[in-house]
Amino acid sequence: MKIFRILQVSIRALTRNKMRSFLTILGIIIGVAAVIAMVSVGEGAKQGIQQRFASMGTNLLFVYPGSRNFRGVATGAGGYTNLKPEDAKAIEENCDAVQATSPSISTRAQVVYANKNWNTQIQGTGEKFPFIRDWPVSEGTYFDEAQVAAAAKVCVLGSEVKQNLFEDEDPIGKTIRISKIPFKVIGVLESKGEQGGFFNRDDMIAVPYTTVMKRLRNVDYITSIDVSAVSADKTEEAQRQIEELMRDRHHIMPGSDDDFQVRNIADVAQSAAESTQIMTILLGSIASISLIVGGIGIMNIMLVSVTERIREIGVRLAVGARERDILLQFLIEAVVLSVGGGLIGIIVGIGTSRLMKYVSVFQGITTVVTPGSILLAFIFSASVGIFFGYYPARKASRLDPIEALRYE
């Protein structure tokens, strides 16, 4: 009951000067709101990246041609042209940790339908591409193994291409011309949207990779292999098996550089998530500075309060109050200011995070308020009150009762 009594006295003391108390907690309000808003931006970016990588496919790995040195000049990735469809078949048949593969080769071409035309990416794939990339067909069907083997002139449209060439017309069964070659439309892929803000994944047309090799590019190689591991925890094992198999198939001697690269999308996603985590910590740290400034404001106002109430403190000490009672009273006043400001700041921070998407400057930014960020901001604000309120409280408790009573 003693604590509750001290709390009542502390609140009564703070409400004597409402405006000063409000201005004191304003720094805490701004600090807590800034921490929650900034951390929500970082968390939103992190989840956005994870969702983008998840939408790319199921337990995904990519096999690319490696870098080639020619007269001391490194060509970079893709320098070799020795990646074959047979490599994809061998990976699927001989690697236990691999579930499916899809050879890939792409080009760009002008596409014409009736009086409309569109320049887009032509993506040559295998029949298992929709499964590997977790990209289902919304209309019609995807081409099958027989059509891939026959290098059939069939295609599946991305939703962006479908909209630009056909608008509201049903494209299934229609014929379009790709580089003046007629192709029959057999399906439309579901919309995937932009990839990280760089390009629109729906702006493409999928055709059998054999058709791109023979009819559009006239080459005997592919540019990459999409690989799906049997499970997420098997991706590293799948990567190791692929590397061993490819070194054997390409007759690479021990100690020699690989003429291929295997990229695990999980590793890339983890690196991106770590980068956003660092950004979240940085944003939260910057916002925390305003909390410290608010704490300094609490210390300042408490020191002023001690000076104004020296006679009151002297009277309390003279009638039997102990040092710890005075210490506790002023410490509770500081904590009330910081916790009160923290609670209001939490409400303001959550509201600010949700309103950001309606502000043009922040459009496209996803914000996610987590319970952890709220708890962290609240604990930090309470700690600021205790830390910055202790010195004024201790100063008040150490006053000499006789000198305090004489103070004018």
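The values are calculated or read from the model by the stated rules, or taken from the named source; none is laboratory data. Since the model is a prediction, treat every value here as computed from it, not as a measurement. Please note: Cβ atoms are built from the backbone with ideal geometry, for glycine as well, and neighbour counts cover all protein chains shown.
Summary table
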read-out: Only one of F53, F4, F22, F62 that is at pLDDT 75 or above, among the aromatic types (F, W, Y) and assigned to a helix (DSSP H, G or I); value: F22
read-out: Odd one out for H251 among (1) outside any helix (DSSP H, G or I); (2) at negative phi; (3) not assigned by TED's automatic domain parsing to the domain that holds E43; value: (2)
read-out: Qualifying residue in the stretch 316-328 (condition: touching a Ser or Thr at 6+ places or on another chain (Cβ under 6 Å) and surrounded by fewer than 14 Cβ atoms within 10 Å (Cβ to Cβ)); value: yes
read-out: In the stretch 161-173, residue farthest from Q99 (Cα to Cα) [restricted to those that are in contact with a strand residue (DSSP E or B) (Cβ under 6 Å, 6 or more places away or on another chain) and buried (at least 19 other Cβ atoms within 10 Å of the Cβ)]; value: L165
read-out: Qualifying residue in the stretch 85-103 (condition: surrounded by 16 or more Cβ atoms within 10 Å (Cβ to Cβ) and either in a loop (DSSP other than H, G, I, E, B) or at pLDDT below 90 (or both)); value: yes
read-out: Residue tally, condition buried (at least 21 other Cβ atoms within 10 Å of the Cβ) and more than 27 Å from the chain's Cα centre (by Cα), over the stretch 364-400; value: 8
read-out: Which numbered condition R108 misses (of (1) part of a helix (DSSP H, G or I); (2) surrounded by fewer than 16 Cβ atoms within 10 Å (Cβ to Cβ)); value: (1)
read-out: Single unsatisfied condition, A146 versus (1) crowded, with 21+ Cβ neighbours inside 10 Å; (2) in a helix (DSSP H, G or I); (3) of a type in the set (G, A, S); value: (1)
